[in-house]
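Heads up: the structure comes next, in structure tokens.
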Amino acid sequence: MSYLDAFVAAVPTENKEKYLEHAKLSGVVFKDHGALKITEAWGDNIPDGEVSSFPMAVKCSESETVVFSTVVWPSKEVRDAGWEAIMEDPRMAPENNPMPFDGKRLIYGGFDVLLGE
């Protein structure tokens with residue numbers, strides 16, 4: 001089975017194009033280091049919750065949009081080696097590919113895939 005990284009972020013809505021450029025370059029870097037598939041999704045129907053929600057989780061303001069991203073890897077071992085290489089890749093340095101959002105509110109995690117088609 002494969003391995004999945006998932007990310008949720010609050011991106012200033014006015015930075016949508018900047019985010020897309022950041023994501024495109026990041027996607028190339030991730031694939032160069034073993035990722036199989038990258039998905040970037042711009043929030044469209046993200047309800048506020050009373051106890052928990054995507055907007056609450058990333059402290060999304062009214063001028064921001066929730067973004068959900070995934071990276072599919074062939075295995076956790078490839079993912080771990082890939083991440084190590086990605087962190088050293090100069091294309092990912094802040095001066096070369098700045099994050100157009102507050103990275104302190106980014107939520108991420110790695111998951112063993114139980115079912116995938």
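Only the coordinates and a few stated rules stand behind these numbers; no lab work does. Bear in mind the structure is a predicted one, so any value in this text is a computation, not a measurement. In this analysis, Cβ positions are derived from the backbone assuming ideal geometry, glycine residues included, and neighbour counts consider all displayed protein chains.
What number goes with the only condition from (1) under 14 Å from the mean Cα position of the chain (by Cα); (2) over 20 Å from residue 111 (Cα atoms) that residue 88 does not pass?
Failing condition for residue 88: (1).
Restricting the search to the stretch 5-19, which residues are aliphatic (A, V, I, L, M) and buried (at least 19 other Cβ atoms within 10 Å of the Cβ)? Spell out how you get there, then give the answer.
First pass over the stretch 5-19, keeping only residues aliphatic (A, V, I, L, M): 6, 8-11.
If the condition is that a residue be aliphatic (A, V, I, L, M) and buried (at least 19 other Cβ atoms within 10 Å of the Cβ), then 8, 9, 10, 11 are the ones that fit.
Go through 14, 40 for me and flag whichever is within 14 Å of residue 69 (Cβ to Cβ) and among the acidic types (Asp, Glu). Spell out how you get there, then give the answer.
Details: 14 fails: within 14 Å of residue 69 (Cβ to Cβ).
On inspection, the qualifying residue turns out to be 40.
From the list 76, 59, 37, which one is touching a Phe, Trp or Tyr at 6+ places or on another chain (Cβ under 6 Å), touching a residue at least 24 places away in the same chain (Cβ under 8 Å) and charged (D, E, K, R)? Before the answer, list the steps.
Values: 59 fails: touching a Phe, Trp or Tyr at 6+ places or on another chain (Cβ under 6 Å); 37 fails: touching a Phe, Trp or Tyr at 6+ places or on another chain (Cβ under 6 Å).
Answer to the check: 76.
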